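The values are calculated or read from the model by the stated rules, or taken from the named source; none is laboratory data. Owing to the predicted nature of the structure, the values given are computational and were not obtained by experimental measurement. So basically every Cβ, Gly included, is an ideal-geometry build from the backbone, and we count neighbours across all protein chains shown.
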Amino acid sequence: MASIRAAFAIRTGLGHRLAPICLTACLVWASALGAATAAEPGAREAFVTNQEGNSVSVVDLDTMAVAAEIPLGGNPAGIAMSGDRRFAYVAAPESKEVFVIDAEARTVARRFPVGRGPLGIAAHPTKPTIYVADWYEHKLFVVDPESGKITGGIETGQSPSGVAVTPDGAHVLTADRDSNQVSMIDTATLQRVAVIPTGDRPFGITIDAKGERAYTANVRSNDVTVIDLIARKVVGTVPVGRRPYAVALAGGKAFVTDQYAETVTVFDTTTLKEAGKIAVGGYPEGISASKDGRFVWVACWEDNTLEQIDVSTLTVVHRVTVGAGPRAFGEFLR
Amino acid sequence: MVRAVAFWCAVVAALAVALPASAHGPTRKKHAETIEINAPADKVWAAIGNFADWSWHPAVEKTEATGNAVDATRVLTLKGGGKITEKMLKRDDAKRTMSYEITEVDVKVLPVNQYSSTVTVTGDDKTSKVEWKGAFYRGFMQNDPPPELNEEAAIKAVSGVYKSGLDALKAKLEAGG
């Protein structure tokens, strides 16, 4: 029943215009969501890091309203979610620390220093371990989020930015921005097992749900590198809009934020052909998809918005104003 | 003794204030300026929307451009020396807006990195409003910038370029130029 109510809330949240089509659509959705929630909950909330506002805006994704604002400090940018979605981990490059947020309580549970330029951050899916990329030390730090202790550090390429862990937890990947490569690191041995070349200046990195492919957004060459993680080889390069920042995956498509173009470029992940461009707010940056693949949410740094894209129609269906300078760099949905 | 404690308190207080401001990595900043001009919006757009000629800006000595469409590049030679190379990113004449980025500039000329900017004209056949906004990083991209290349210096420089430009544009167009 809860999932049926949630489905109605999603539709009614979109406003009056959509009311006539709500009834039939919701009935279909309710059954689909019911099946999905039995296995795992879909995305209910977004935790948007506001770099200028020094806070996290918690957005209720059913109603697309800001439910809470959590003050942090330190110009927060990178974000990750614990495997059980109970905690959000936020990297603040100015104060050089990581905040651990209790997601339900909306409070900062802990904060601790990490390196000299923490930005990209990711969490292991099952272990209490987070990985923090240090822009200046050219390292990936392994951190215990419960104690705040740094338990390891692995050399990467120059200025690692995006970080992602494979769904099985076996490997962690960094997009090494100033080395034009991805480092693939074994999480058990903490050894780098592969270096894969990318386009010019890779920033965000996203791994698909099966752990078969990784996608990097290459800021300077205006394209996305598609990497086969089994073969550890590049299988394609897809041109996108100007100054791409990050990639989300939903419904067999990749959604790429183009900062300068103010668009999200969509391409088919099988054919690697463009499927459309969606106009969004100024400086679109962090982007992430719900697990059911129906919606993608994007943070727009210049316009201070979180925008909701319908994957089936490739249109923005809702937007909400969040704090100042939202970046949401990493996994920001729970 | 009391004086010594007071001295150290002052030092500690000064450090506490100084350290967080100086010892950090770069964060992208945004800055915008607007101005109202008593001239038709189309006329204002004809001036500021002409990527190939920005002689209306008091700092610009010469504009050398490859065109006036997306992907066009231009070199602005500034009065007193210094050059800025820019590239047009977006243009919409119906909406009277264009965006461009700086592809090459010495931080001694303008203390910014990864600078992009948008100019937009709104209004009617009598009055207009111009918005000039930019997004950029400071001049020094490593940790611990010198004061002339920190965030405050970048914002001050960009604000100066926008304000002096918009003031001159208003004066020129309201004079019937």
Self-check item: Those residues of region B:136-148 which are buried (at least 20 other Cβ atoms within 10 Å of the Cβ) and under 16 Å from residue B:30 (Cα atoms), in sequence order
Solution: B:136, B:138, B:139
Practice problem: Could you pull out the residue among A:189, A:206 that is of a type outside the set (Phe, Trp, Tyr), out of contact with any Ser or Thr (no Cβ under 7 Å at 6 or more places or on another chain) and without any contact (Cβ under 8 Å) to a residue 12 or more places away in the chain? | Solution: A:189
Exercise. Would you check which residues across region A:75-96 are within 12 Å of chain B (Cβ to nearest Cβ) and surrounded by fewer than 22 Cβ atoms within 10 Å (Cβ to Cβ) and list them?
Key: A:94, A:95, A:96
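Residue-wise test of (1) closer than 17 Å to residue A:214 by Cα; (2) within 14 Å of another protein chain (Cβ to nearest Cβ); (3) β-branched (Val, Ile, Thr).
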| site | (1), (2), (3) |
| --- | --- |
| A:238 | yes, no, yes |
| A:242 | no, yes, no |
| A:247 | yes, no, yes |
| A:254 | yes, no, no |
| A:263 | no, yes, yes |
| A:270 | yes, no, yes |
| A:276 | no, no, no |
| A:281 | no, yes, no |
Exercise. Please work out which residue is farthest from the other protein chains (Cβ to nearest Cβ), limiting yourself to region B:86-108 and to residues that are among the β-branched types (Val, Ile, Thr) and buried (at least 16 other Cβ atoms within 10 Å of the Cβ).
Key: B:107
Quiz prompt | Breaking point among (1) away from chain A (no Cβ under 12 Å); (2) within 28 Å of residue B:36 (Cα to Cα); (3) touching a Gly at 6+ places or on another chain (Cβ under 6 Å), for residue B:117 | solution = (1)
Exercise. With the condition kept exactly as written, say whether any residue in region A:210-222 is farther than 25 Å from residue B:140 by Cβ, within 14 Å of chain B (Cβ to nearest Cβ) and either more than 15 Å from the chain's Cα centre (by Cα) or not acidic (Asp, Glu) (or both).
Key: yes
Practice problem: Spot the failing condition for residue A:315; the list is (1) on the phi > 0 side of the Ramachandran plot; (2) free of Cβ contacts under 8 Å to residues at least 40 places away in the same chain, and only one is missed. | Solution: (1)
Self-check item: Hits in region A:72-119 - residues which are more than 18 Å from residue B:26 (Cβ to Cβ) and among the acidic types (Asp, Glu)
Solution: A:84, A:102, A:104
Exercise. Grab the strands (runs of 3 or more DSSP E) fully contained in region B:21-137, keeping just those with 1 or more residues being over 18 Å from the mean Cα position of the chain (by Cα).
Key: B:29-37, B:60-65, B:83-92, B:112-123
Quiz item: Which of (1) free of Cβ contacts under 8 Å to residues at least 60 places away in the same chain; (2) under 18 Å from residue A:242 (Cβ atoms) does residue B:75 not meet, given it meets every other one?
Solution: (2)
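Per-residue answers, yes or no, for (1) in a strand (DSSP E or B); (2) surrounded by fewer than 24 Cβ atoms within 10 Å (Cβ to Cβ); (3) among the acidic types (Asp, Glu):
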residue	(1), (2), (3)
A:275	yes, yes, no
A:281	no, yes, no
A:292	no, yes, yes
A:298	yes, no, no
A:303	no, yes, yes
Quiz item: Quick one: is residue B:162 in a strand (DSSP E or B) and either within 12 Å of the chain's Cα centre (by Cα) or touching a residue at least 60 places away in the same chain (Cβ under 8 Å) (or both)?
Solution: no
Practice problem: Scan (1) within 30 Å of residue B:102 (Cα to Cα); (2) surrounded by fewer than 21 Cβ atoms within 10 Å (Cβ to Cβ) for the single condition residue A:230 breaks and write down its number. | Solution: (1)
Exercise. Sort out which residues of region B:138-159 are assigned to a helix (DSSP H, G or I) and polar (S, T, N, Q), and write them in order of number.
Key: B:159
Exercise. Among the numbered conditions (1) part of a strand (DSSP E or B); (2) in contact with a Pro (Cβ under 7 Å, 6 or more places away or on another chain); (3) away from every other protein chain (no Cβ under 14 Å), tell me where residue A:67 comes up short.
Key: (2)
Quiz item: How many residues, within region B:139-169, are touching a helix residue (DSSP H, G or I) at 6+ places or on another chain (Cβ under 8 Å), at pLDDT 95 or above and within 14 Å of chain A (Cβ to nearest Cβ)?
Solution: 0
Quiz item: If you go through region A:65-91 one residue at a time, how many are within 17 Å of residue A:289 (Cα to Cα) and in contact with a Leu (Cβ under 8 Å, 6 or more places away or on another chain)?
Solution: 2
